[in-house]
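Each remark here refers to the structure printed beneath this line.
The values are calculated or read from the model by the stated rules, or taken from the named source; none is laboratory data. This is a predicted model, so every value here is computed, not measured. For neighbour counting, all protein chains shown are included, and Cβ atoms are generated from backbone atoms with ideal geometry for every residue, glycine included. Protein only, heavy atoms only, side chains kept; ligands, DNA and RNA dropped before computing areas. Shrake-Rupley method; radii C 1.70, N 1.55, O 1.52, S 1.80 Å.
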Amino acid sequence: MERVGTGGHVVFVLHGWFGSSGAWGELTPHLDTERFSYVFPDYRGYGTRKDEAGAHTIAEAAGDVLRLADELGADRFSLIGHSMGGCVMQYVLAEAPGRVRSLFGISPVPATGVPMDEATWGLFSSAAEDPSSRRAIIDFTTGGRHPGAWLDGMVQHSLDNSDKTAFGEYLPSWAKADFADRVAGNPVPVKVVIGEHDPALNEELMLATFGQWYPNFEIEVLPDAGHYAADEIPVTLANTIEVFLDEH
């Protein structure tokens, strides 16, 4: 876990499948540390918890976030979730709706998972063991726009900060999630941002899922970004996050 800031508004920032608590380094210098306290946890099998045993499910990750909130004395808090973390943040909402101030999703996985054809499922399933599959996924979900060195750095972070078994076991939990009935109709303020160059978690999918479940929902398409806005456009993302948090 990492913590940035001392403000009264506590915000848990939940990483994606390729991330970790240490993956937000491009974003954190641009955050307001006086108004907010940003908490960056790791899931079991990731980062500082890479060697910790677990079931490696969305439900487990959400439970760990709530336990961490208890340890920190955070009765109410907001949640930011990137990709898989967007699924985790919704599970936290399902488990403890009275504690959540707002949700901010960065290319978030819906509570119904992500539809994949057979070939795509094969690519994602192979990523636990094959670094080239991780690289292909990152390249595809950012629109094939970034240099090889950037892709290699993203892959290396993923390899260094995730246990292969845990990485593989999380996949069906987030990709085949099915708990939309537990969050549908919740009035919590929700904002989703997506990169214009992300072909998978796109505006159409967000409107068909988040847009149908949450009555206080808004969406914004971020120019010059793909699936990894925190790495691609950190200044813009930080500002967008805090404008939203200020309102809630």
Residue 145 - would you say it is of a type in the set (Lys, Arg), open to solvent by less than 10 Å² (accessible area, probe 1.4 Å) and over 22 Å from residue 216 (Cα atoms)?
no
Looking only at region 37-60, which residues are within 25 Å of residue 114 (Cβ to Cβ) and either open to solvent by 20 Å² or more (accessible area, probe 1.4 Å) or without any contact (Cβ under 8 Å) to a residue 12 or more places away in the chain (or both)?
44, 47, 49, 50, 54, 55, 57, 59, 60
Lone qualifier among 140, 167 - being touching a residue at least 24 places away in the same chain (Cβ under 8 Å), in a helix (DSSP H, G or I) and open to solvent by 40 Å² or more (accessible area, probe 1.4 Å)
140
Looking at region 158-168, is at least one residue more than 24 Å from residue 64 (Cβ to Cβ) and out of contact with any Cys (no Cβ under 9 Å at 6 or more places or on another chain)?
no
Can you tell me how many residues within region 5-36 are open to solvent by less than 30 Å² (accessible area, probe 1.4 Å) and not small (Gly, Ala, Ser)?
13
Which ones in region 170-185 are open to solvent by 30 Å² or more (accessible area, probe 1.4 Å) and either among the charged types (D, E, K, R) or assigned to a loop (DSSP other than H, G, I, E, B) (or both)?
176, 178, 181, 182, 184, 185
Six or more apart or on different chains, Cβ atoms under 8 Å: show the pairs whose first residue is in region 231-248 and touching a residue at least 40 places away in the same chain (Cβ under 8 Å) and assigned to a helix (DSSP H, G or I) and whose second is crowded, with 19+ Cβ neighbours inside 10 Å and among the basic types (Lys, Arg).
244/191
Could you check, for region 191-211, whether at least one of its residues is open to solvent by 30 Å² or more (accessible area, probe 1.4 Å), within 19 Å of residue 59 (Cβ to Cβ) and in a helix (DSSP H, G or I)?
no
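Based on what the data block shows, is residue 188 at pLDDT 95 or above, out of contact with any helix residue (DSSP H, G or I) (no Cβ under 6 Å at 6 or more places or on another chain) and surrounded by fewer than 19 Cβ atoms within 10 Å (Cβ to Cβ)? Don't jump to the end; show me each part of the working.
Details: at pLDDT 95 or above: yes; out of contact with any helix residue (DSSP H, G or I) (no Cβ under 6 Å at 6 or more places or on another chain): yes; surrounded by fewer than 19 Cβ atoms within 10 Å (Cβ to Cβ): no.
So residue 188 does not fit the description; no.
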Could you please find all residues in region 212-230 being within 24 Å of residue 139 (Cα to Cα), in a loop (DSSP other than H, G, I, E, B) and either open to solvent by less than 50 Å² (accessible area, probe 1.4 Å) or among the aliphatic types (A, V, I, L, M) (or both)?
225, 226, 227, 228
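Condition test on residue 81, is it under 18 Å from residue 189 (Cβ atoms) and modelled with pLDDT of 95 or more? Spell out the reasoning first.
On the way: under 18 Å from residue 189 (Cβ atoms): yes; modelled with pLDDT of 95 or more: yes.
When the stated conditions are applied, residue 81 passes them.
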Which of the residues belonging to region 143-164 are more than 23 Å from residue 43 (Cβ to Cβ) and assigned to a loop (DSSP other than H, G, I, E, B)?
143, 144, 145, 146, 147
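Listed here are the residues, each with its yes/no results for (1) in a loop (DSSP other than H, G, I, E, B); (2) touching a helix residue (DSSP H, G or I) at 6+ places or on another chain (Cβ under 8 Å); (3) more than 20 Å from residue 179 (Cβ to Cβ); (4) of a type outside the set (D, E, K, R).
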| position | (1), (2), (3), (4) |
| --- | --- |
| 7 | yes, no, yes, yes |
| 34 | yes, no, yes, no |
| 54 | yes, yes, no, yes |
| 59 | no, yes, no, yes |
| 62 | no, yes, no, yes |
| 65 | no, yes, no, yes |
| 71 | no, no, yes, no |
| 85 | no, no, no, yes |
